[in-house]
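Have a look at the structure below, then the notes.
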Amino acid sequence: DVPKATEPRGDSDGPRRGSLCDRHCAAINNVQGDLSDLGCHLHRPRVPPAMSPPSYCQQHSEEVCESCVVKTTLTAENVVEANKLSNNYKFGFKKWKSHVTERPWEDRSEIVKELYSDLNVVRGSGGSTVTCGNVLYLLLFGWWLSFIYVLMAAMMFITIVGAPYGRLCWDLAGYFLWPFGKVIQKVEVPKSHRALGACEAGAEASGAGESSALLGGPVPRRWRPWCWADGRHWQRAGAVVWLCLGYPMLVLAHGLVCVTAWLLVVLIPVAKLNARTATRVLLLPPEQVVVRRLRMTEVPLEGEVILCCYRAVNPYYYKYAVDGINVFAVNLLPLVLVTLVLGYVDSHNRLTSSPVKFTLALLSIMPLSYYIGMAIASISAQSNFAVGAVVNATFGSITELTFYITALIKGSREGNRCYAEIVKSALTGTLVGCVLFVPGLCMVIGGIRHQEQRFNSRSAGVSSALLFLSVGGVFAPTLFSKVYGKLVCGECHNVTQNPLGHYLCHNCHFDLMENNGTLYYSHVQPLVYTVSLLLPAAYLIGLFFTLKTHTHIYDIHISGCHMPGHHHSAVVHWSRWRALVILLLSTLCMSACADLATEHISPILTNSTISQYFIGVTVLAMVPELPEIVNGIQFALQNNLSLSIEIGNCIAVQVCMLQIPILVLFTIFYPTNFTLVFSDLHVYASMFSVVLMNYIFMDGKCDYFQGTVLVMVYFILLAVYFFAPSPSGC
């Protein structure tokens, strides 16, 4: 908690200077923009309790007014969300956009409230139900679902005892052909209808007494062929016939529609419609189910409406979440199970081929990366700084490292150097993509909504300095080998037919193993180990600089929102233990998917006409980073480009300062073909990307044009990798 400032008193000049400084800071903060949508904006300067704001501002007016340029005031619903927001601005912590706690219902927009509402709300008035989405429902599901109900109605009428259910199926056939603007209502049957031996009285009462105050008008009469003595619905023979013949087939049809509509995301209202029908409507007594068409001026006043749907498609369902998990991550989770079953059960490729399994393994990495990120954010938000730092340092790069290590192990067992080159290409692709593509794409998308976006240039400068240091350290052994190594070419041809003329050589590289590897083992390898020790040390110094001694660079103020009706008790989606279990399970599944990807990548590398460089820098590098890219885009749309840039910079810094030293350390205990010597293409692409990124981020503001430049340069580099010949050894 930030101590509250005391009221100014005494010096007459103090209040004037203090208010001037406050107005200055407030004006600058208004320019920077508040990142919250809750409508509460509190700015609490960090003032010692013993010092009043006027004297403090009088003595340090320049420092205070200068520091408020980089101050950001955020609002949070509870302490856990405040910790999550604060962690987003900490260097080395995973940036996470989604909430880790349940948001108060009153704080959500009407669009989001509609996503989570049940399909039982009847509107007083509405427009036409003939929309493109509703017509799409008719073409995809409505016609054949209605046809199944017609067949089921005929079957129920044939059984005689199931005639009431036949009439129900006939009514539902018309409903599911076009359910929009109609309601399914549950009506209460009078007790006289269920009285013992009162079938005739019930039949007479049904004609005169069955009416609904909910929708008005008489309720359609149900044909009752006979009535049993006990009068209970579920003891009738028709109920047995219905549960044995009709209900299972309809549940199967509704289940198919529900799963298909749910996977399409925008058709989730259709999925809810069919799920509610299978679990509620079809289990009700047929005389209690009424299907009515609503008029625009007709408003139900009482009773229970089970289903009322107006449109089949809602494009905002990409925001839908289940227990805090985005709907796309939920839909991709079964893909992980399918991948693991096919990969380990069908080991001889009898059901599917290796390219299909490789593609499934890569796609499975995306939801697992999401679950790992969500678990890390949940644990960090509910724990102290030390625990959050350890979790982020341990599992922050687990997705990439799992794939790299499994690929190096497979290459070492097969004696194939191509796997090591693929790992180097993936490392370079991650570095280049996070420096150029991620911030560039965020600038373009954010620039569409905001004409000019500003960000914290000082925090970006820290990341840029670490990037320069890390790139120089990573490529130092490569430059050393090119200076002192011997150039060896695989094949040379004399172009001029003159022994002293020009020669055209192919597959040239610098040989480090000349004279039994004296140059490599005596000079290059010690340099690699030295760099691998210095880079993590520099990373720790960067953490200490940004999180301890110079925290004002990321001067974030979290303020609570005290509004009527707001409850600040945190209801977390995942508890710490649950998040830990999910984190471990996701990591285990990630290891299995990475093993399958490396197992089935060999046919692609040998049979594909595309350069292995291109496969490494695109597919293997950027697919695991898709959740981070989505987070960066969401931050940019909220005019918070600082976090969008920090996402890319943080990943790039971790690639050079953590992932590569860990791979070098792994090769010490498990010898592989991985050496910290990159090709010229990797060196030039990485250095040019870092220089261009620092030039763009120099002034602390950007627009969509600068983002377009970064994205175009990235695609140019991809074109270079696409047309480049395959690396030696592949």
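Descriptive notes on the structure:
- Number of residues in region 597-614 that are hydrophobic (A, V, I, L, M, F, W, C), open to solvent by less than 20 Å² (accessible area, probe 1.4 Å) and more than 23 Å from the chain's Cα centre (by Cα): the value is 2.
- Some residue of region 572-584 being part of a helix (DSSP H, G or I), open to solvent by less than 40 Å² (accessible area, probe 1.4 Å), in contact with a Gly (Cβ under 8 Å, 6 or more places away or on another chain) and modelled with pLDDT of 85 or more: no
- Among the residues of region 241-285, the ones that are open to solvent by 40 Å² or more (accessible area, probe 1.4 Å), farther than 30 Å from residue 112 by Cα and in contact (Cβ under 8 Å) with a residue 60 or more places away in the chain come to 2 in all.
- Remark: pairs (first residue in region 624-635, assigned by the TED database to the domain that holds residue 397 and more than 17 Å from residue 375 (Cα to Cα); second residue in a helix (DSSP H, G or I) and open to solvent by less than 10 Å² (accessible area, probe 1.4 Å); Cβ separation under 6 Å; 6+ apart in sequence or on different chains) = 629/438; 632/438; 632/442; 632/644; 632/647; 633/442; 635/643; 635/644.
Condition check ((1) farther than 30 Å from residue 130 by Cβ; (2) at pLDDT below 90; (3) not assigned by the TED database to the domain that holds residue 378) across all residues:
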residue	(1), (2), (3)
307	no, yes, yes
331	no, no, no
334	yes, no, no
339	yes, no, no
348	yes, yes, no
351	yes, yes, no
354	yes, yes, no
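- Residue list for region 222-240, filter: modelled with pLDDT under 50 and open to solvent by less than 30 Å² (accessible area, probe 1.4 Å): 222, 231, 233
- Helices (runs of 4 or more DSSP H) fully within region 102-187 counting 1 or more residues that are closer than 16 Å to residue 276 by Cα and not polar (S, T, N, Q): 110-116, 143-158, 163-177
- Annotation note: Cβ proximity below 7 Å between a residue of region 674-688 that is within 19 Å of residue 466 (Cα to Cα) and a residue that is of a type in the set (Lys, Arg) and open to solvent by less than 10 Å² (accessible area, probe 1.4 Å) (sequence gap 6+ or interchain) occurs for 682/424.
- Verdict on residue 343 being under 30 Å from residue 80 (Cβ atoms) and among the small types (Gly, Ala, Ser): no
- Total residues in region 669-695, condition surrounded by fewer than 20 Cβ atoms within 10 Å (Cβ to Cβ) and assigned to a helix (DSSP H, G or I): 11
- Exactly one residue out of 407, 393, 386, 426 is crowded, with 24+ Cβ neighbours inside 10 Å and at pLDDT below 90: that is 407.
- Within region 590-630, helices (runs of 4 or more DSSP H) holding 1 or more residues that are within 20 Å of residue 339 (Cα to Cα) and in contact with a His (Cβ under 7 Å, 6 or more places away or on another chain): none
The values are calculated or read from the model by the stated rules, or taken from the named source; none is laboratory data. If you're wondering where the values come from, they're calculated on a predicted model, not measured in any experiment. Glycine also receives a Cβ, built like all others from the backbone with ideal geometry; neighbour counts cover every protein chain displayed. Side chains included, ligands, DNA and RNA excluded: accessible areas come from the protein's heavy atoms. Shrake-Rupley method; radii C 1.70, N 1.55, O 1.52, S 1.80 Å.
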